[in-house]
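Student: Pasting a structure below so you can have a look.
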Amino acid sequence: MRKFHRRWDGDSKMTSVRCPGASSDHLGDELEEQRREIAERLRSLTAAAALSASTPGLEALSGPGLLGLDGSVLQRQSSLFAATEAASAVVGERIRPAPLLAARRVSLALERLQAGTELDDVLRAVPSELCWAGDFDRVLFSRVESSSWSPQAWFTAHPESAVDVAFGKLVRGATFPLASGSIEAEIVRRRVTALVTDAASETRTFPPLITVAHCDSYVIAPVVSGGAVVGLLHADTGATGTPLVEADRVTMRAFGDGFGLILDCLALLGALDEQRRQISAALARAGQAVGDLCDAPLILASEATATLPPPRQPAARGAMSGLTAREQDVFALLVSGATNPEIADRLTVSETTVKSHVKHILRKLRVSNRAEAIAKYVRGGGLNGVAS
């Protein structure tokens, strides 16, 4: 590599001394190559910072005139360094604070939403808060239910424009399907935030965003609550024409995630309020029951005894004392006049089983048929000695 030695002359000025064999043309080519490389790197940064090439401080690197052939190589190097430093400062001033500013705005917007106590009020405020936080021109919030998405609230910085008026009429009360292959369906399925930079050439774009909203580029993010995608956020800068960049996608993702957490909190608070209401109602009923008990008249023991029904006496237990528990059940139904099918249905057994029990009952009562068994039961005499 060609090198230069530096020395101080009598006037204390730094001059350059070219090493023997160094080629001025070759050094110029190297400097031009460095200029192009630096300009390319800064160009990518200016795109991320949403700066145009004509921004003051950047034009110095835009052409080869910076490195004219007049003057020493050291002077040309100094010019390149000065231009690079100036351009870097311009880009740095824009790109360094931008993420911090966006993060701060998102945080403040979410704090204001979190202060809301009613779900409907929060949903109505979401579009305007996101517009402010991300410096967007237009934001649409939609509910996702089953296989469709329905616009619920939207905000525009230019409500009087014919484009926004037409778009407002389109989305008001509308429901759109989550068509297979659409960006919206992909967002719901994958739960990712997408940046669409050329909507016209993107085949998966929702057509009205182009034909009605005149949207060239936009950002779309899912809203996840309770483990499911419950909403979609669309945002664009179509009115001002400001290019959307990766930083806008990051802003949308942060806002969407935070909004989903707010919805989770509102759902939890709603569930707690419902439990509090149910507990209060149960306590009120218990209090009423205790009050009724305390207000009830006092009943003396003798009066209470007099009002009690007489104890139920078993009927002719002697006729059934020699029967098994199951045979006693069958015999009780037989005495009541039930047929074998009715007895089987009442005891949930087969009719064959009932016939077997009846046969055993007749044998133990020493009678030949059901009529004799019933008659013997009614007479109630000499039945304690039923054979087993």
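Student: Suppose the chain between residue 349 and residue 271 were pulled fully straight at 0.36 nm per residue; how much longer would it get relative to their current alpha carbon spacing?
Tutor: So the extension gain works out to 23.2 nm.
Student: Report, in whole Å, the centroid distance computed from the Cα atoms of region 180-214 and region 226-286.
Tutor: Rounded to whole Å, the Cα centres lie 22 Å apart.
Student: Just grab the label-to-label distance for residue 359 and residue 332, each label 7 Å out from Cα along the Cβ direction, in nm (one decimal).
Tutor: Each label point lies 7 Å from its Cα, and together they span 2.5 nm.
Student: Take the Cα of residue 288, step 7 Å along the line toward its Cβ, and report every residue of region 255-278 whose backbone nitrogen sits under 15 Å from that point.
Tutor: Zone members listed by number: 278.
Student: Given a Förster distance of 51 angstrom, what is the FRET efficiency for residue 240 paired with residue 281, based on the Cβ-Cβ distance and rounded to 0.05?
Tutor: 0.40
Student: Each label point is 7 Å from the Cα along the Cα-to-Cβ direction; what then is the distance between the points at residue 264 and residue 29, in nm?
Tutor: Reported label-point gap for residue 264 and residue 29 is 6.1 nm.
Student: If you don't mind, another one. Once both labels are modelled 7 Å past Cα along the beta-carbon direction, what's the residue 111-residue 203 spacing in nm?
Tutor: About 4.8 nm, to one decimal.
Student: Which FRET efficiency value, to the nearest 0.05, is calculated for residue 40 and residue 175 with the Förster distance at 35 angstrom and r the Cβ-Cβ distance?
Tutor: 0.15
Student: Using a 1.4 angstrom probe on the protein heavy atoms only, could you order 219, 367 from most to least accessible area?
Tutor: In descending accessible area the options line up as 367, 219.
The values are calculated or read from the model by the stated rules, or taken from the named source; none is laboratory data. Being a predicted model, the structure only gives us computed values, none of them experimental. Note that each Cβ is placed from the backbone with ideal geometry, even for glycine, and that neighbours are counted across all protein chains shown. Protein only, heavy atoms only, side chains kept; ligands, DNA and RNA dropped before computing areas. Shrake-Rupley method; radii C 1.70, N 1.55, O 1.52, S 1.80 Å.
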